[in-house]
Amino acid sequence: MAANVSRKMVNLDQPPHNRAIRVVRATGPRQLRTAWISDLHLGTRGSKTGAFLEFLRNHEFETLYIVGDLIDVWQMRRGIYWPQQHNDVIQKLLRKSRKGTRIVYIPGNHDEFLGGFCGYYGHIAIAKEFVHTTADGRRILVIHGHELDTVVQNARWLAFAGDVGYQILLSFNPLINFVRRRFGLGYWSLSAYAKKRVKDAVNFIGQFESVIVRYAERYGVDAVLCGHIHSPGIRQIGRVIYYNCGDWVESCSALVENFDGTIELLHFNPFETSPVGEDATPELAEAVL
């Protein structure tokens, strides 16, 4: 395991042939080999902790990767918001660790202070990046992704300003969806809509994906997996498969690996979580074979 943490990742197998993508549905609860989640942003009002707790209750995994921004330190500097449900998330994660789930924490830009504590703490490992080997032998570089975001790295004041604007857009979501629920409509995110419609945002996401893939090619891995941009997806870019596990602010998504090595993108509706103790039936958006 320690070898995976090392940056000296050489003599890896060549990437296999391209894999097809299909649509499937989950029946839950499920036993999984691995799960990847990121960008829960605990400490903010936009964090969909209810949906995330349902995901944890209804899924068991051997390894859970937290791919950054579990806690939003940027927002907490502006004001403390920490309800009981955010405590419940931390307690649930620690309970899973005590029961044998291996947790790998990759710090992001909103919780980057944890990057100074890399190492092993029982069943919990903290690392700036990690190479995961799937059940079918593929190697996946796991990083948060902010390391390759030129705005975060070179213009932090602009990143902070953008975060404030993003939080403002998120603040409209509760009111918008309250009205939509009254009319029997599903969840809709203003901030997600803006990202998909604004040309500069669309171009940024495309450029980000390409930069991430080029970075991963240096390591000779088969795939790269990240979070950061709150845009979940599975795409073949050249010889590398690009995975993004999304977020739990807008998308409520996770990537999961089955015991045969297939990786699927799972979505939860933030307003359709089942009561404690009941099984959920989330939709799996994509599966890589």
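The values are calculated or read from the model by the stated rules, or taken from the named source; none is laboratory data. Remember, predicted model here, so these are calculated numbers, not experimental data. Counting neighbours? That spans all protein chains shown, and the Cβs are built from the backbone with ideal geometry, glycine included.
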Practice task
Exactly one condition in (1) at pLDDT 95 or above; (2) among the β-branched types (Val, Ile, Thr); (3) farther than 16 Å from residue 145 by Cβ is not met by residue 202; state its number.
Solution key: (1)
Practice task
Would you mind stating whether residue 227 is closer than 16 Å to residue 253 by Cα, at pLDDT 85 or above and among the small types (Gly, Ala, Ser)?
Solution key: yes
Practice task
Among the residues of region 49-71, count how many are surrounded by fewer than 24 Cβ atoms within 10 Å (Cβ to Cβ) and among the acidic types (Asp, Glu).
Solution key: 2
Fill in the blank from the handout: Given (1) buried (at least 18 other Cβ atoms within 10 Å of the Cβ); (2) more than 26 Å from residue 243 (Cα to Cα), residue 98 misses just (1)
Handout entry: Total residues in region 75-124, condition among the small types (Gly, Ala, Ser) and within 25 Å of residue 50 (Cα to Cα)
Key = 4
Fill in the blank from the handout: Of the residues in region 41-68 that are part of a loop (DSSP other than H, G, I, E, B) and in contact with a Ser or Thr (Cβ under 6 Å, 6 or more places away or on another chain), the one that is modelled with the highest pLDDT is 67
Practice task
Can you give me the number of residues within region 224-255 that are of a type in the set (A, V, I, L, M, F, W, C), closer than 22 Å to residue 135 by Cβ and surrounded by fewer than 24 Cβ atoms within 10 Å (Cβ to Cβ)?
Solution key: 2
Exercise for the section: Starting from region 228-250, take each residue that is closer than 17 Å to residue 44 by Cα and in a loop (DSSP other than H, G, I, E, B) and list its partners that are among the aromatic types (Phe, Trp, Tyr) and modelled with pLDDT of 95 or more, counting only C-beta distances under 7 angstrom and pairs at least six apart or across chains. Expected result: 248/52
